[in-house]
Amino acid sequence: MKTEERNLTYKARKEILSTYKCYDLLKKYNVPGHIIQHSETVCRVALFLSYELNKNGEKLDIQLINAAALLHDITKFEDLKTHKDHAKTGKILLENLGFSRIGEIVGEHINLQDKRGIKTISEAEIINYSDKRVMHTEVVTLPERFKDLRERYGLNKKTLNKRTVKRINELELKIYELEKKIFSKLDFKAEELLYFLEKTSCLSTQGKPVEM
């Protein structure tokens, strides 16, 4: 093996975070229980979709998805107080800890970089979509999730900032496009996700994502 290839392999191994190490980080940064529970459900959805997509020819990194799902809201609780973008602060934190690839995915869990024209599905797309399918700790459909967003931000109120309305509407269009892309490569429909998810457990008996 060449020196350059050896260095890349070492870097990749260094970035791998086990499930237990992820929980250590969540504890270290004082992530509250309700956010951890939300992240566990996102992880469950993300792992299930990834396994099914890989069966159909995708090459998603399961370990990377497991870690990114568990850590995607690692700075959210603190950022609720400071009104910062927790996707950006989470990315920075993880990069500073030496987990740049995980940080990149976390940085896109709210807004994805434009991937139109790219046929393969990325780990960032899986985390982004899975997060949109989970409301608190419940797996829901996109219509249910965006109904909640509209109610939460009062999109029916005339006094609402037009930029906020535009941003949520644009997000909704993008996530429906992503859903179409993902499920075009699966053998079941988006609205059937919860049914198949309940039939196939991606969780251990303790309720935590399995050690990959």
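Provide the per-residue ³J(HN,Hα) series for region 87-103, in order, calculated from phi with Karplus coefficients 6.51, -1.76, 1.60 and θ = phi - 60°, each as a whole number of Hz, with x at glycine and proline positions.
5, 6, 5, x, 4, 4, 4, 5, 5, 5, 7, x, 10, 5, 5, 5, x
For region 125-141, take each phi angle, set θ = phi - 60°, evaluate the Karplus expression 6.51 cos²θ - 1.76 cosθ + 1.60, and give the result in whole Hz per residue in order, putting x for glycine and proline.
Karplus-based 3J(HN,Hα) across region 125-141 equals 5, 5, 5, 4, 5, 4, 5, 6, 8, 10, 10, 6, 10, 10, 7, 10, 7 Hz.
Is there a pair in Lys147/Lys180; Lys88/Lys174; Lys59/Lys88; Lys91/Lys174 whose C-alpha atoms are over 24 Å apart, and which pairs would that be?
Pairs exceeding 24 Å: Lys59/Lys88.
Only the coordinates and a few stated rules stand behind these numbers; no lab work does. Note that this is a predicted model, so its numbers are computed, not measured.
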